[in-house]
Each structure stands twice: as C-alpha cells, then as structure tokens.
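Chemist: Here it is, the structure, as structure tokens.
The values are calculated or read from the model by the stated rules, or taken from the named source; none is laboratory data. If you're wondering where the values come from, they're calculated on a predicted model, not measured in any experiment. Virtual Cβ from ideal backbone geometry, glycine too; neighbours counted across all protein chains shown. To get the accessible areas, we keep the full protein, side chains included, count just its heavy atoms, and leave off ligands, DNA and RNA. Shrake-Rupley method; radii C 1.70, N 1.55, O 1.52, S 1.80 Å.
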Amino acid sequence: MIKDDKEMDGSALFNKTLNKDIPIPLYLQLKEFLMELITNHGDQAFLLPSEAQLCEHFQISRSTVRQTMGELTSEGLISRQKGRGTVTLPQKINQNFLYVLESFNEEMKGKGLIPHTKVLSCSLEKASPAVAHVLDLPENDQIIQLVRLRGVDNEPMVLVITCLPASRYGLESIINEDFSQVSLYKVMEEKYLVSIVSTRRTIEVKIAGDFESKHLNIPIHSPLQYIETVACTDGGVPVEFSRASYRGDLSRFMIEVKRKRI
C-alpha cells in the first residue's frame, strides 16, 4: 500500500531548512533530508512532496530539486511515476554474508523475512580447469553443480551456482536432496559430517547478462554484486566453490573491520 503525501509525516521534512552559508551543495543537503525521511518510513512506500512544494519551501530552483531526485532515482530509492508523482521504493536488505558464516535462509528469517529457493538444476558434471584448481581436484574430476535462485517475499534476489567435489566425503549422493526445502550447509554437516568453518570471499561489480536478467527479473546490463566463495573444513580442505550474483537494487553488504593489534 502506498501512502499519499497527506498521510505521511511531511512535517518532519518541512520543519527543516537548507543552510546556504556552508560549502555543501543545496541538492546534497536536500538529498540527506529526503534519505532520512525515507529511512524513517522503513519499507512503507509513500508519495514524496512534489517538485513545486520542495522548491517553494526550501526556496531553491527546480534544477536543484531535479538533481536531487535524479540521484535518488539512480540509487534505487525512488521512482517517478507519470501522473502519480514520485514514490519511494523498498529499501535494500542489509546482509551480513561477508563476515558471518550463516545460511541465506537463517539470515533472512532472522530479519523477519520469508526466504524462498528454486532449484534450477542439480547435476554431476566434469570440473572445468578453473573449478578443479579452486577445489584442489584433478582436472575433469566430477563435481556436483547446484544452481539455485533465491529470494525473499516472492522477489528474486540472488542467483547462485555452487560446485562441490563429488569424490570427497561421499558427497556424490547429495544430488538427491531437495535444496528448495533444506539448507546445503545443514545437510553437509548433519548427513555428511562436513563442517564448514571458514570461507574466503571475493566481491566485485558485474552487469547482468541474458541468464541473470531472465531469472532475477531485471533488465540486461543491470548492476550485480558478484561474490565468489571458497568454503573450507577445519582442516583447510576446500569443499565448496560458489558464484553468487545479487541484484544491486535489492542488496547491500555490511563488512566489519577490526583493528589489528600492534
């Protein structure tokens, strides 16, 4: 449900004033005000004040307001809808994936969201040279390749391709599990006694191709947060190599950094 601008707490915005005596650009000050308003309303979508209202209250030009709105649009916070006005969009989901060893389902449930997983394929394949190298396998050795589409509240969020060494720990029979219903890490630990204790993750920005566009329901060339993960047992043996493509408009990641003792 979308609230109109009369129902939202517009007074919080219109009690603010821009400081024209400091070097911070006016459009950036206005942007901070609007971001604060959007954050305070959580996931509740609502209509923002019109450009004319913002110009009149803050005594600024329409070009200044449009610069602000343009940046908020490009950052996926608002959407301009013809004949309706400017509407806020659902906020990105904060994920601790980069520094907490936790399954996708556990993390999403912990945030009060409803996760879902669709298995696109699960098959035995020959390891490519790159995958064999990462998993420390002989070239052309067999791997289990699991391709999943994961999301929350019926919205696709991430496309994950996972490779496991079929010849280790009896993992070849894991192909029979229903990973739309069960956690990969939980099955590995409880049925195969494989405990993952450490991971190495690499993150970069990529753009969506045909495959990602189709399954993540986004336009081709949309930005993706691409993360490669190598997971190891307590003996340092690699047992998982995954490539995850997250929708850039729905996800953001938290990285916790601690100072090294001198």
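Chemist: At R0 = 35 Å, how high is the FRET efficiency between residue 220 and residue 66 if r is their beta carbon distance? Nearest 0.05 is fine.
Modeler: Numbers: r = 27 Å, r/R0 = 0.78.
Using R0 = 35 Å, I get an efficiency of 0.80.
Chemist: Between residue 234 and residue 28, how high is the FRET efficiency from 1/(1 + (r/R0)^6) when r is the Cβ-Cβ distance and R₀ = 45 Å? Nearest 0.05.
Modeler: On the way: r = 49 Å, r/R0 = 1.08.
For R0 = 45 Å, the calculated efficiency reads 0.40.
Chemist: Magnitude of the Cβ-charge dipole of the range 156-262, K/R +1 and D/E -1, about the Cα centre, nearest 20 debye? Each step should come with its number before you reach the end.
Modeler: Details: 14 positive and 13 negative charges, 133 e Å.
Result for the range 156-262 is approximately 640 debye, rounded to the nearest 20.
Chemist: Under a 1.4 Å probe, what is the accessible area of the range 120-200 per residue, stated in Å²?
Modeler: On the way: 4080 Å² over 81 residues.
Dividing the accessible area of the range 120-200 by its residue count gives 50 Å².
Chemist: Packing-wise, with mean Cβ within 10 Å as the measure, how do 243-250, 195-202 rank, highest first? Kindly include the intermediate steps, with their values, before the conclusion.
Modeler: On the way: 243-250: 21.0, 195-202: 13.1.
Ranked by mean Cβ neighbours within 10 Å, highest first: 243-250, 195-202.
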